[in-house]
Amino acid sequence: KDISIFTINTFGIYETKLSERIKPIINKYKNEIYCSFLPNYDGVKIRVKILSKKINIDYLKKEIMNLIDEYAYSYDQVSIEEIVLNLLIKNNLTLSIAESCTGGFISKSITDIKGSSKVFLGGLVAYNNSIKNNFLNIPIEVIEKYGAVSHEVSELMADNISKNFKSKIALSCTGISGPDGGSDKKPVGTVYISIKFLDKLLTNKFIFKLDRKSHRLMTKQTVLYMLWKLLINLKY
């Protein structure tokens, strides 16, 4: 009961790399703290146990964060959705989402958070190509040429949902969650994620070789992590 514990939530880095990063802290407080690295598809949690009353917890947190701040988005039970929403509200930025492979999971995770209506305008699950064409204004010729899972379609999804919903920021994803549907060029697990961020349009390709449920979880977390990285660099 006397042991103090806090957790640092991270994403975008393996547990082995995290361990290497904070090794100087672990060595410095060798007999005073104990660190556990807890990996999952939504990121790696660093659980720190304080074994000595001499430790200043606030100072220790700052020391660790100085080494991993580009990956660590919150402490304890605070989710990345909460962090992203607070930044959107703080910067008066509205959000819309166009999803395919995640089937609405990103929108659900956002609307699970109290106060999301202040910035989240809405989303569209464009699972079928006809929906991408009729509601997101993506030409059938583009889909046939590049494929529904492509850099080009992903960017158009983000750009057009932003225009249709008149949001300052838009997220999109299109991918192959499996177990079928892959090819040599686009294996199962392939996903394209795009973010329309004010005047920028960013798209990244990933391959998450996971089951359908885990693929959706990792895609959702990656989308929000990419958005978080953009938001923390804003001047506010």
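Below, the figures for the structure above:
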| item | result |
| --- | --- |
| Near pairs, Cβ below 9 angstrom, 6+ apart or cross-chain, from the range 111-123 (under 10 Å from Glu82 (Cβ atoms)) to any residue that is open to solvent by 90 Å² or more (accessible area, probe 1.4 Å) | Gly115/Asn86 |
| Counted residues, the range 150-161 - those being open to solvent by 10 Å² or more (accessible area, probe 1.4 Å) and either touching a residue at least 60 places away in the same chain (Cβ under 8 Å) or closer than 24 Å to Trp228 by Cβ (or both) | 5 |
| Residues of the range 90-102 classified as more than 15 Å from Ile193 (Cβ to Cβ) and in a loop (DSSP other than H, G, I, E, B), total | 4 |
| Extreme residue, nearest to Tyr225 (Cα to Cα), among residues of the range 20-40 that are in a loop (DSSP other than H, G, I, E, B) and open to solvent by less than 90 Å² (accessible area, probe 1.4 Å) | Ile22 |
| Selection count where residues are in a helix (DSSP H, G or I) and either more than 22 Å from Lys168 (Cα to Cα) or open to solvent by less than 20 Å² (accessible area, probe 1.4 Å) (or both), scope the range 201-225 | 13 |
| Every residue from the range 114-149 that is assigned to a loop (DSSP other than H, G, I, E, B), of a type in the set (A, V, I, L, M, F, W, C) and closer than 23 Å to Thr94 by Cα | Val119, Ala126, Ile138 |
| Residue match in the range 159-167 (condition: part of a loop (DSSP other than H, G, I, E, B) and farther than 28 Å from Glu70 by Cα) | yes |
| Cβ pairs under 8 Å, 6+ apart, first in the range 44-57 and of a type in the set (Ser, Thr, Tyr), second open to solvent by 70 Å² or more (accessible area, probe 1.4 Å) | Ser52/Asn31 |
| Scope the range 101-133; condition polar (S, T, N, Q), over 24 Å from Lys205 (Cα atoms) and open to solvent by less than 20 Å² (accessible area, probe 1.4 Å); matching residues | Ser116 |
| Hey, Glu141 farther than 26 Å from Ser74 by Cβ and either buried (at least 16 other Cβ atoms within 10 Å of the Cβ) or of a type in the set (A, V, I, L, M) (or both) or not | no |
| Subset of the range 3-33 that is of a type in the set (Gly, Ala, Ser) and in contact (Cβ under 8 Å) with a residue 24 or more places away in the chain - its residue that is farthest from Tyr59 (Cα to Cα) | Gly12 |
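The values are calculated or read from the model by the stated rules, or taken from the named source; none is laboratory data. Quantities reported herein were computed from a predicted structural model and do not represent experimental measurements. In this analysis, Cβ positions are derived from the backbone assuming ideal geometry, glycine residues included, and neighbour counts consider all displayed protein chains. With ligands, DNA and RNA removed, areas are computed over all heavy atoms of the protein, side chains included. Shrake-Rupley method; radii C 1.70, N 1.55, O 1.52, S 1.80 Å.
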